[in-house]
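One structure is given below, encoded as structure tokens.
The values are calculated or read from the model by the stated rules, or taken from the named source; none is laboratory data. Quantities reported herein were computed from a predicted structural model and do not represent experimental measurements. Virtual Cβ from ideal backbone geometry, glycine too; neighbours counted across all protein chains shown.
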């Protein structure tokens, strides 16, 4: 049976954070949630772009509850400020959608000294989830959705050189960050269950979707995207299925059905062996707590 957003129940009274919600997959995810009546927080680095996205959503759904809050996932200081402000102004958190990301940029380090893709795609979200977990834990039916990618198949976690200080490959850097996101989703699920918490940790990927992430690609590849990929709106459906599907369990991974998970309706999919390496996941978790300075209460 094919899932679509029309299958999801109304979300009135629920609150969602969507990171990177001003454009691409994040925008379409936020738009769909707002249309279902969810109160949506657009967690974005650029407030002007976030405000513009909010107005676009309100033009479609005038009665929607949408707010903007500054979040730069490449800055652990910004992540802490966001979490503190959100917890001060909200008593519950039903959905944390860790969507924001960058893809294959030139080499740079974040203000905290981490390779930019590792910082923005993974480590910032790891810290954000840990800081918001107490709020998630006391919200009935809450879920954390971590965005991975088909690129999790591109490599491994470079424990000996996470920040590519000894030779940078932007492709390997992106693959590492998305493998880390997937390993985090699985490990978080294991720890939540062990702690007896009802919050679900679920992963999703969009297949090959036409989004702003491809702007660092060679032009020839961006031209080919429409032939094998799908729109950002369709690419957001696995995330929405992970967030709202009534048959979703902790530890599920959602992606497109067709063309080797590149496009199609959202279903539960499988991932590679590296993503399920328990020893590596434990090592990555411990290292992530050390690097981010955020210890999870589980």
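Quick notes
Per-residue answers, yes or no, for (1) out of contact with any helix residue (DSSP H, G or I) (no Cβ under 7 Å at 6 or more places or on another chain); (2) within 30 Å of residue 13 (Cβ to Cβ):
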residue	(1), (2)
84	yes, yes
89	yes, yes
92	no, yes
98	no, yes
108	no, no
113	yes, no
117	no, no
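- Scan region 130-151 for residues that are part of a helix (DSSP H, G or I) and without any contact (Cβ under 8 Å) to a residue 60 or more places away in the chain and the total you get is 2.
- Given (1) crowded, with 21+ Cβ neighbours inside 10 Å; (2) closer than 18 Å to residue 236 by Cα, number of the condition residue 93 does not satisfy: (2)
- Selected residue (criterion: surrounded by the most Cβ atoms within 10 Å (Cβ to Cβ)) from residues of region 55-69 that are in contact (Cβ under 8 Å) with a residue 24 or more places away in the chain and in a loop (DSSP other than H, G, I, E, B): 64
- The helices (runs of 4 or more DSSP H) located wholly in region 198-285 that include 2 or more residues which are at pLDDT below 95 occupy 219-228, 232-235.
- Among the residues making up region 81-123, those that are assigned to a helix (DSSP H, G or I) and touching a residue at least 60 places away in the same chain (Cβ under 8 Å) are 86, 117, 118, 121, 122, 123.
- Test: residue in region 152-166 that is in a helix (DSSP H, G or I), in contact with a helix residue (DSSP H, G or I) (Cβ under 9 Å, 6 or more places away or on another chain) and closer than 28 Å to residue 247 by Cα: yes
- Qualifying residue in region 162-180 (condition: without any contact (Cβ under 8 Å) to a residue 40 or more places away in the chain, within 25 Å of residue 206 (Cβ to Cβ) and under 18 Å from the mean Cα position of the chain (by Cα)): yes
- Count of residues meeting criterion [buried (at least 21 other Cβ atoms within 10 Å of the Cβ) and part of a loop (DSSP other than H, G, I, E, B)] in region 70-80: 4
- When each of 44, 38 is tested for being more than 21 Å from residue 209 (Cα to Cα) and crowded, with 23+ Cβ neighbours inside 10 Å, the lone residue that passes is 38.
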